[in-house]
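These notes concern the structure reproduced below.
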Amino acid sequence: MKEIRWHGRGGQGAKTVSQVLAQINLREGKFVQAFPEFGPERSGAPIRAYNRISDDEILVHSAVYTPDVVVVVDESLLRSENPTEGLRPDGILIVNTPCSPEEIRKQTGFRGKIIAVDADRIAREAGTGFANIPMLGAVAAALGTEWGIVEEEVRRAMGERMSRDMLEKNVAALRAAYEEAKGVGSVR
């Protein structure tokens, strides 16, 4: 079983993409869980979202304490929270940042694999303005998920929520981050 913990702020879409990731893996025939954890609902407040992905039925129903993958949608949370807490030494830390993996390693002390994706820049260049979709692309690549399944599910899940033009921009941002993270290797 793979466990993923997302760190973001209210309104950044971490909860949404954790649910889309679950749908992607469900299409692969996996057992999945996706659920958020947050205090008083307010924009900008730190939130966590979780995924579990398994080939077998998932019997655990708690927060994720020792994740295989930690995703940080908002880099400022590296300073105000401790996103690497419990992250397995052989896990992957995926951070939305313009910094290099080495700079993130110095900042966090995490010795495992670090994927640094400037999702804010990718989203800005694509014209979407939100880093959550590029971060989903990076996570899907790190999990070794086939691109076609990722794209198809994002189109299905997000197509009803936005215009066709905005959907295409989001798919472009998703693909850019997927390709950027693909070369780092997967946790499967």
Q: List the extent of the Cα atoms of the range 102-188 along each of their three principal axes, largest first, rounded to whole Å.
A: 41, 27, 17
Q.
With the crude spin-label approximation of a point 7 Å out along Cα→Cβ, what separation in nm comes out for Asp165 versus Asp55?
A. 4.6
(Q) As a footprinting exposure proxy, order Ile53, Ile94 by other Cβ within 10 Å, with the fewest listed first. (A) Ile53, Ile94
Q: Taking amide H positions as placed in the peptide plane 1.01 Å from N, state which residues far from Ile92 in sequence (5 or more) or on other chains have amide H under 5 Å from it.
A: Val69, Val70
**Q.** From phi via Karplus (6.51, -1.76, 1.60), per-residue ³J(HN,Hα) for the range 55-63 in Hz, x at Gly/Pro
**A.** 7, 10, 3, 9, 9, 7, 9, 9, 5
**Q.** Theoretical gain in end-to-end length, Arg42 to Ala63 [0.36 nm per residue, Cα-Cα removed]
**A.** 5.5 nm
Q. What share of the DSSP beta bridges in the chain is antiparallel, in percent to the nearest 5?
A. 55
Q) Taking the Cα centre of the range 82-188 as the origin, how large is its charge dipole in debye, to the nearest 20, when only Lys and Arg (+1) and Asp and Glu (-1) carry charge on their Cβ atoms? A) 180
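Rg/Rh for the range 2-182: what does it come to with C-alpha atoms and Rh from Kirkwood?
Values: Rg = 15.0 Å, Rh = 16.1 Å.
Radius of gyration over Kirkwood radius for the range 2-182 works out to 0.93.
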Q | Cα-centred dipole magnitude for the chain, charges only on beta-carbon of K, R (+1) and D, E (-1), debye, nearest 20 | A | 220
Q.
With 10 angstrom as the radius, rank Lys169, Lys106 by how many other C-beta atoms surround their C-beta, starting from the fewest.
A. Lys106, Lys169
(Q) Please list, by residue number, every one of the GluC sites (Glu not before Pro) in the range 136-186 that is coil in DSSP and has at most 13 other beta-carbon atoms within 10 Å. (A) Glu146, Glu160
Q | In sequence order, calculated HN-Hα J values of the range 28-33 (Karplus, 6.51, -1.76, 1.60; Hz; x Gly/Pro) | A | 7, x, 8, 8, 9, 9
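Using 26 Å as the Cα-Cα cut-off, could you pick out the over-long pairs in Lys106/Lys182; Lys2/Lys169; Lys15/Lys106; Lys15/Lys113; Lys30/Lys106?
Working: Lys106/Lys182 23 Å; Lys2/Lys169 29 Å; Lys15/Lys106 28 Å; Lys15/Lys113 24 Å; Lys30/Lys106 35 Å.
Over 26 Å apart, Cα to Cα: Lys2/Lys169; Lys15/Lys106; Lys30/Lys106.
Only the coordinates and a few stated rules stand behind these numbers; no lab work does. For clarity, every value in this text was computed on a predicted model and none was experimentally measured. Heads up, the Cβs are rebuilt from the backbone with ideal geometry, glycines too, and the neighbour counts pull from every protein chain shown.
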